[in-house]
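Bear in mind that the values in this text are calculations on the coordinates, not laboratory data. What you are looking at is a predicted structure, and each value in this text was computed from that prediction instead of being measured. Counting neighbours? That spans all protein chains shown, and the Cβs are built from the backbone with ideal geometry, glycine included.
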Amino acid sequence: MKILRTQVLNVYYRLKVSLVWDWWCLLPVNKKSLDWISMAEEDLNDAKADYSEGRYASSVFHAELCAQKSLKSLIVALGFEPGKTHRPSLILKALITSGLVNLREELMQELNKLISLSLVLEDQGVTPRYGWETVERIIKPSEIYDETKARLLINNAIEVLKITKKIIGELDC
C-alpha cells in the first residue's frame, strides 16, 4: 500500500520527527520546507491567541507572517529559494509566469488561489504594526483592525496554510 506524501507530512506535523521519507520515490522530504511550515503554524497560533485577547492588529501581523512562511515553504518544496522577502507570492507568481513551475491543472488552480489569498495578507504590510500616516495624524493599528477584519484575515491565513500543505502533499517526485 502506498503511503501518500500528505500522510507522511501529517505524521511529521504531529510528531515533529527530524527526517521524513517519501516512501514511493525514496527521497527525503525537504526539511527546510517543513521548518517553514512549522514556523507558519506557530505564527497562526500566535494570531489566534492575539485575536482571543482582543489584540486584533497583532493578530493580523501574525496572520500575515503565517501566509509568508507558508508560501516560502512551498517555494522551497518546489526546489527554489524564496530569498529574503515579505512578498513571497510575487516570487511564486514569477516562477509560474516564467514556466519554471508547471504542475497538474488542479494544482495550478490551487496555486493561483493561494497567491490571491496571500496577496490580501501581504498587502497589509506594515499597517498592523505602524498604522496609517495621514497629513494630520497617525491612525493607530488598533483603530484600523477590529474583530471582524482580524477574523477574516486570520481565516485567510488558515486557508493559505491548508492549501500549502495540500499542494506540498501532492507534489510529484
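Cut-off is 10 Å between beta-carbons; in what order do 170, 147 appear when sorted fewest neighbours first? Don't skip to the end; give the middle numbers.
Working: 170 15, 147 11.
Neighbour counts put them in this order, fewest first: 147, 170.
Would you mind computing, in nm to one decimal, how far apart the modelled labels at residue 142 and residue 112 are, each placed 7 Å from Cα along Cα→Cβ?
4.3 nm
Cross-link candidates for residue 72: which lysines have Cα within less than 24 Å, leaving aside residues fewer than 8 places away along the same chain?
16, 31, 32, 48, 84, 93, 113, 162, 165, 166
Please work out whether segment 31-170 counts as rounded, prolate or oblate from its C-alpha gyration tensor, where a ≥ b ≥ c are the square roots of the eigenvalues and a/c under 1.5 means rounded, while otherwise a/b larger than b/c means prolate and anything else oblate? Don't skip to the end; give the middle numbers.
Numbers: a/c = 2.26, a/b = 1.77, b/c = 1.28.
Prolate is the answer for segment 31-170, as a/c is 1.5 or above and a/b outweighs b/c.
Based on the Cβ-Cβ distance from residue 130 to residue 102, what FRET efficiency comes out when R0 is 30 Å, to the nearest 0.05? Don't jump to the answer; show the numbers that get you there.
Values: r = 39 Å, r/R0 = 1.30.
Once the sixth-power term is evaluated, E becomes 0.15.
What full-extension length gain, to one decimal in nm, is calculated for residue 162 and residue 35 as 0.36 nm per residue of separation minus the Cα-Cα distance?
Values: separation 127, 0.36 × 127 = 45.72 nm, distance 1.56 nm.
Computed gain between residue 162 and residue 35 is 44.2 nm.
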